[in-house]
Amino acid sequence: MEIEILPTKVFALDFLANITAQHSELELKLTKLKSLSLYGSETRQYLFQLNVLIGYVSAHFATEEKLMQNFDYQMFLKHKQNHSDFLNKLTNFSNDIVEGKMTNLNTVTTFIEFWFEKHDLDFDIALESFMTKVAV
Ligand SMILES: [Fe+2]
């Protein structure tokens, strides 16, 4: 007997695999940023890594948002707003570093670290649990 797998389930499983991989990549990028701010580095090295992180975060958010929209996810707008606020904040940090208005790189790293933890608790855990229900 063949097992029938519905397209939405395949999509949900694929999403969960992608998100898990992207979260691991984000952790690696954050660890790199942390090591640059903890062990001292040139500001331009830090700025480069921060911009790499911004690019990756932006693509990651787009993945989550596309999915939430496809599944008419209830928390979509709030979740998306939280993403946009964070991206704006990161862009401001990046500009402030370029303009010399932000010199304490640890402050930036700590904010990012804290934001990821809080976002996970407030939004991503619920989204992943929703997708897990769709997948099984
Ligand atoms: Fe998210």
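The values are calculated or read from the model by the stated rules, or taken from the named source; none is laboratory data. If you're wondering where the values come from, they're calculated on a predicted model, not measured in any experiment. No Cβ is skipped: glycine too gets one built from the backbone with ideal geometry, and neighbour counts run over all protein chains shown.
List of remarks:
- Cβ-Cβ under 7 Å pairs, at least 6 apart or on other chains, segment 62-84 side within 15 Å of ILE125 (Cα to Cα), far side more than 11 Å from the ligand (Cβ to nearest atom): LEU67/PHE15; TYR73/PHE130; PHE76/GLN69
- Within segment 20-40, the residues that satisfy the criterion of being in contact (Cβ under 8 Å) with a residue 24 or more places away in the chain and closer than 18 Å to ASN106 by Cβ are LYS29, LEU30, LEU33, LYS34, LEU36, SER37, LEU38.
- Filtered residues of segment 72-82 (kept if surrounded by 17 or more Cβ atoms within 10 Å (Cβ to Cβ) and either within 18 Å of THR110 (Cβ to Cβ) or at pLDDT below 95 (or both)): TYR73
- Residue count for segment 115-136, restricted to those that are aliphatic (A, V, I, L, M) and away from the ligand (no atom under 15 Å from the Cβ): 3
- Residue count, segment 84-115 (criterion: closer than 29 Å to PHE130 by Cα and in contact with an Asp or Glu (Cβ under 7 Å, 6 or more places away or on another chain)): 0
- Residues that are within 16 Å of the ligand (Cβ to nearest atom) and assigned to a loop (DSSP other than H, G, I, E, B) within segment 66-82 comprise PHE71, TYR73, GLN74, MET75, listed in sequence order.
- The number of residues in segment 98-135 that are free of Cβ contacts under 8 Å to residues at least 40 places away in the same chain, more than 17 Å from GLN81 (Cα to Cα) and among the aliphatic types (A, V, I, L, M) comes to 1.
- Of the residues making up segment 83-114, those that are within 16 Å of the ligand (Cβ to nearest atom) and either buried (at least 17 other Cβ atoms within 10 Å of the Cβ) or not in a helix (DSSP H, G or I) (or both) number 4.
- Boolean, THR63 is out of contact with any Asp or Glu (no Cβ under 7 Å at 6 or more places or on another chain) and more than 11 Å from the ligand (Cβ to nearest atom): no
- Verdict on ILE54 being in contact with a helix residue (DSSP H, G or I) (Cβ under 6 Å, 6 or more places away or on another chain) and away from the ligand (no atom under 11 Å from the Cβ): yes
- Qualifying residues in segment 30-68 (those that are touching a Phe, Trp or Tyr at 6+ places or on another chain (Cβ under 6 Å) and under 28 Å from SER129 (Cβ atoms)) - the one modelled with the highest pLDDT: MET68
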